[in-house]
2 protein chains.
Amino acid sequence: MPDKIVLFIMDGLGDLPSPKTALQKARKPNLDRLAREGISGMMSTLWRGIVPGSDTSHMNLFGYPPERYYCGRGPLEALGAGMELRKGDIAFRANFATVDEKWNIIDRRAGRIPTEKGRVLAKGLDTTIDGVHFKFIPTVEHRGVLVMRGHGLGAGLDGTDPHGPGKVLSARGKDENGWKTAEALNKYTKWVYKKLDRHPANEDAKLPANILLVRGAGEYCEVEPVSRKYGVKSACVAGGALYKGVARFVGMDIVSVKGATGDKNTDLKAKGRAVLEALKNHDFVFLHVKATDSFSHDGDLNGKAKFISKVDGELVPMLAKSGAVLVITGDHTTACSRKEHTGYEVPVLVWNKDGRRDLVKTFDEVSCLSGGLGHIVGCDLMPIMLNEIGKGRMSGS
Amino acid sequence: MPDKIVLFIMDGLGDLPSPKTALQKARKPNLDRLAREGISGMMSTLWRGIVPGSDTSHMNLFGYPPERYYCGRGPLEALGAGMELRKGDIAFRANFATVDEKWNIIDRRAGRIPTEKGRVLAKGLDTTIDGVHFKFIPTVEHRGVLVMRGHGLGAGLDGTDPHGPGKVLSARGKDENGWKTAEALNKYTKWVYKKLDRHPANEDAKLPANILLVRGAGEYCEVEPVSRKYGVKSACVAGGALYKGVARFVGMDIVSVKGATGDKNTDLKAKGRAVLEALKNHDFVFLHVKATDSFSHDGDLNGKAKFISKVDGELVPMLAKSGAVLVITGDHTTACSRKEHTGYEVPVLVWNKDGRRDLVKTFDEVSCLSGGLGHIVGCDLMPIMLNEIGKGRMSGS
């Protein structure tokens, strides 16, 4: 019986037929071999027909049902950006934007400033107002995360980002803690504007990055880590910050991989090597690739199929040689024809040399419909995986 | 429409391929005929991937979810041993052990004393200490059950059995009722040691059975019996004490069968005759054989397959002639390759001459993956069975 697991998530993997799906179009002898030698099925990462977000789906796949554990996108992004959070911290997704002197939004992304400029501007944006500490970390291009720390704060507030054209919103609390938080946030936003609007790095900019817009407020809470909940030492190999954030949230070790960009040019072999390395001292490795989802959002079915073929050729053989149980699936179905997440199930495959087999011969959305796993939901997956390595939870005696 | 049901549980029936499973290896024309003429599927007796104990799985199969009804192994074993329990009684699994004068454990099983010696030693072990009544019943070899009855007792305590080498543990309460119970139990254990250590039956014994170790504390509670909950009169035909205990817990009549030993040499035909007899005045008969599980724990795939063939030849034809709906399954998958319970699903088969049929042709872990029942969980089974005889619960109008 193998004693290690690799959970390999291809983001947005599932698709709709047009007339073939990307999985059906792709050349993928290795994935098909795993399907023949393993057991497959279909999975709703949340519940039947529900459209999963990337955050909630991953939480559910790790066995942390979002209805119980979800604390908003902000803290997950902040964790993914490397921020150290404490219980009670309020975290937001943030981005640099361009506003005029009346705070009408000229560009929500400040002309997509380069990552390096974001780093320059971010220096000096940490401060304390009315006893509330503000810490901003820039991430990629115009993006970043903002964390507020202080007594009596809460995530019950709307952010300042109007999510479209218009003026910067005044943050509004929905409850007592939210009021206090909104008040401090509004003062901070004014302070940031004053600071950025005259920042030398913005001097000649057509679209000066002169304000921060925040959204996705969430109050960080601590959860029982994977190691204690399941008795497995776990690691995450991912490029995208959100996925690293969810992984940190549940207590996984984060493996840094040079070339794992979270985009279409990610270095698959480097990720594969990182997984093999992580398996040396971890029982459970979560591997994530994002590009399948990105191609789907672009409506690029051929690009998605080609990327799957690349994964099949470069990454899958490395994983198959690791000796671990392989579990391969997506976090949701992002249909190229719709260019968005959908509530359709995703195919899922469990390959364990000593485990069960079914009669499925290819890994795609049609074959897996009659697979031996049947139709499962996201929170079934962790117990199923743990059982594969003899670490299933015993109930009774 | 038939109006009677036989639920036939082959303990630990499910298996993993090595490369065939026991069900796939066994010659079993009768079980395969039932599969062809009935409808099959796969079942997680608790939930996907969760490893069922024998107690919790049977409770769930009878429609008493353990998360609501489970009160520990002790009361179930005590009921199985024939003890009359009252609400609030604290019951333990107990065994005779050998200790030195400092209560270091020499042998946790006192050299597996013969059942008869256990009976001799047990005489005089009932007493009252500080108003708490102690009653011990010996069962098989070194095993028995201990029940404490008194005011203010509780099951919130650890027992005295260290489950391995070391000293006899001092029972420790976890709450107020547990403290009181632990205190009385510790006094009783001392009293038992004094009594047994000088017992004439131990006089020349190399490993004197001079103490009782207890574990699996549970407080007995009464539940709505099967007859009232489902409107069926039910009986149990089983050899093993635990299975009789769960059956008594849910209010089934226990049928005594000479030769039903709960081991590999159990008299299958005697059990079959007992089922036919019980069907005369019961609507629902639960039939249990243990040996499939015992062979699995021994890693004996051939023995398991041969035993299944024996069941197929001796028992299944008798049941099929009864006119009742037959439901045949296991309480969990005990894999011969792992020699332990696992969280893999078990095949399940419903045979009703007037009910549904699917395309499954053989009764095993692969064929049933594509069976018409799909993938069910243990608590689905009782409603499914009741519906087969027209006694399904109506909801709405």
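Each residue in the range B:1-42 was checked for being farther than 21 Å from B:Phe295 by Cα and within 14 Å of chain A (Cβ to nearest Cβ), and 3 pass.
From the residues in the range A:301-333 that are of a type in the set (Gly, Ala, Ser) and more than 13 Å from A:Lys28 (Cα to Cα), which one is nearest to the chain's Cα centre (by Cα)? Working first, answer last.
Applying the first criterion (of a type in the set (Gly, Ala, Ser)) to the range A:301-333 yields A:303, A:305, A:309, A:313, A:320, A:322-324, A:330.
Among the residues that remain, those that are also more than 13 Å from A:Lys28 (Cα to Cα) are: A:303, A:320, A:322-324, A:330.
Numbers: A:Gly303: 21, A:Ala320: 24, A:Ser322: 25, A:Gly323: 27, A:Ala324: 24, A:Gly330: 12 Å.
Ranking the qualifying residues of the range A:301-333, first place goes to A:Gly330.
Scanning for something part of a loop (DSSP other than H, G, I, E, B) and in contact with a Gly (Cβ under 9 Å, 6 or more places away or on another chain), does the range A:27-37 turn up at least one residue? Yes, the range A:27-37 has at least one match.
Hey, among A:Tyr220, A:Tyr193, which residue is of a type in the set (Ser, Thr, Tyr) and more than 18 Å from A:Arg108 (Cα to Cα)? Reasoning before the result, please.
Details: A:Tyr193 fails: more than 18 Å from A:Arg108 (Cα to Cα).
Selected residue: A:Tyr220, the only one of A:Tyr220, A:Tyr193 that is of a type in the set (Ser, Thr, Tyr) and more than 18 Å from A:Arg108 (Cα to Cα).
As a summary of the residue check, B:Arg93 satisfies the conditions (1) more than 14 Å from chain A (Cβ to nearest Cβ); (2) farther than 20 Å from B:Asp331 by Cα; (3) within 15 Å of the chain's Cα centre (by Cα) except for the one numbered (1).
Yes or no: B:Lys194 modelled with pLDDT of 95 or more, over 26 Å from the mean Cα position of the chain (by Cα) and farther than 18 Å from B:Gly144 by Cα?
yes
Residues in the range B:66-90 that are within 14 Å of chain A (Cβ to nearest Cβ) and of a type in the set (A, V, I, L, M, F, W, C): 2 in all.
Filtering the range B:31-79 to residues that are farther than 21 Å from A:Gly392 by Cα and small (Gly, Ala, Ser) leaves B:Ala35, B:Gly38, B:Ser40, B:Gly41, B:Gly63, B:Gly74, B:Ala78.
Just one of the listed residues (A:Asp15, A:Asp89) is under 29 Å from A:Cys221 (Cα atoms), of a type in the set (Asp, Glu) and modelled with pLDDT of 95 or more, namely A:Asp89. All of A:Leu125, A:Leu76, A:Leu121 fail the test of being within 23 Å of A:Pro225 (Cα to Cα), among the aliphatic types (A, V, I, L, M) and either surrounded by fewer than 21 Cβ atoms within 10 Å (Cβ to Cβ) or in contact (Cβ under 8 Å) with a residue 12 or more places away in the chain (or both), apart from A:Leu76. Among residues of the range B:50-65 being touching a strand residue (DSSP E or B) at 6+ places or on another chain (Cβ under 9 Å) and small (Gly, Ala, Ser), the one that is nearest to the other protein chains (Cβ to nearest Cβ) is B:Gly53. Considering only the range B:212-221, I want to know if a residue exists there that is within 30 Å of B:Lys391 (Cβ to Cβ) and in contact with a Gly (Cβ under 9 Å, 6 or more places away or on another chain). So far as the range B:212-221 goes, yes, one or more of its residues are within 30 Å of B:Lys391 (Cβ to Cβ) and in contact with a Gly (Cβ under 9 Å, 6 or more places away or on another chain). Considering the range A:35-92, the residues that are hydroxyl-bearing (Ser, Thr, Tyr) and out of contact with any Asp or Glu (no Cβ under 8 Å at 6 or more places or on another chain) include one that is farthest from A:Val250 (Cα to Cα), namely A:Thr56. In the set B:Phe307, B:Phe284, only one residue is aromatic (Phe, Trp, Tyr) and more than 30 Å from B:Arg338 (Cα to Cα); that residue is B:Phe284.
Restricting attention to the range B:31-46, does a residue exist that is out of contact with any Ser or Thr (no Cβ under 9 Å at 6 or more places or on another chain), more than 19 Å from B:Thr160 (Cα to Cα) and charged (D, E, K, R)? Yes, some residue in the range B:31-46 is out of contact with any Ser or Thr (no Cβ under 9 Å at 6 or more places or on another chain), more than 19 Å from B:Thr160 (Cα to Cα) and charged (D, E, K, R).
The values are calculated or read from the model by the stated rules, or taken from the named source; none is laboratory data. Since the structure is predicted, the reported quantities are computational estimates derived from the model, not experimental observations. Cβ atoms come from the backbone with ideal geometry, glycine included; neighbour counts cover every protein chain shown.
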